[in-house]
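K.L.:
Have a look at the structure that comes next, please.
Derivation of every value follows stated rules applied to the coordinates shown; laboratory data play no part. Remember, predicted model here, so these are calculated numbers, not experimental data. Cβ coordinates were reconstructed from backbone atoms using ideal geometry, including for glycine residues, and neighbour counts include every protein chain displayed.
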Amino acid sequence: MTSQAILGEVLTVGSLRYDRRLTIAFVEKIRAGKTTIMLETPPLVARGWEIFKNVSKKDVSWVDCYSCAIIQAYKIETVLTFDRDLQLLIKLPPT
């Protein structure tokens with residue numbers, strides 16, 4: 001499972017820092033495979049917004065907060081990330 005927001009980040013960072021064509025091919029494989037891609041829904045956006053407003057660290061991204069909302073909503077127990085901010089957010093209790 002991933003979100004459209006995460007795929008957007010992968011496309012942006014991959015294009016800027018690595019190889020644009022390879023990045024597009026990578027995301028196309030994800031989109032063509034069996035991966036569930038979460039789209040924004042009003043409840044998930046609202047929860048992401050609440051998380052974002054309550055984080056005191058100024059450089060935590062909206063996508064991290066939105067991802068945390070998805071993780072909480074779907075009770076996801078295993079997350080693959082190199083993002084330390086997201087690792088900290090995951091530990092937030094759901095409301």
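K.L.:
Scan around Met38 for amide H atoms under 5 Å from its own, H built in the peptide plane at 1.01 Å from N, and keep only partners 5 or more places away or cross-chain.
P.N.:
So Met38 has HN proximity to Thr2, Ser3, Gln4.
K.L.:
Can you give the calculated 222 nm mean residue ellipticity of the chain, where each DSSP H run of n ≥ 4 adds -39,500 (n - 2.57) and the sum is split over every residue, rounded to the nearest 500 deg cm²/dmol? Working shown, then result.
P.N.:
Working: 5 runs with 59 residues, N = 95.
So the calculated ellipticity at 222 nm is -19000 deg cm²/dmol.
K.L.:
Could you give me the ³J(HN,Hα) list for region 27-41, computed from phi with Karplus coefficients 6.51, -1.76, 1.60 and θ = phi - 60°, whole Hz, x at Gly and Pro?
P.N.:
Taking θ as phi minus 60°, the curve returns 5, 4, 5, 4, 5, 7, x, 9, 6, 6, 10, 6, 9, 5, 10 Hz for region 27-41.
K.L.:
Kirkwood hydrodynamic radius, computed over distinct alpha-carbon pairs, for region 12-95: how many Å, to one decimal? All intermediate terms of the calculation are to be shown ahead of the outcome.
P.N.:
On the way: mean 1/r = 0.0702 Å⁻¹.
Radius from the Kirkwood sum: 14.3 Å.
K.L.:
Take the Cβ-Cβ distance between Glu50 and Arg21 as r, set R0 to 41 Å, and report the resulting FRET efficiency rounded to the nearest 0.05.
P.N.:
Numbers: r = 38 Å, r/R0 = 0.93.
Calculated value: 0.60.
K.L.:
Helix 42-54 against the longest principal axis of the chain: what's the angle in degrees, Cα atoms only, rounded to the nearest 10?
P.N.:
70 degrees
K.L.:
While we're here: Given the Cα-Cα distance of Val10 and Thr78 and 0.36 nm per residue of separation, how much length would full extension add, in nm?
P.N.:
Numbers: separation 68, 0.36 × 68 = 24.48 nm, distance 1.93 nm.
The Val10-Thr78 span can extend by a further 22.6 nm.
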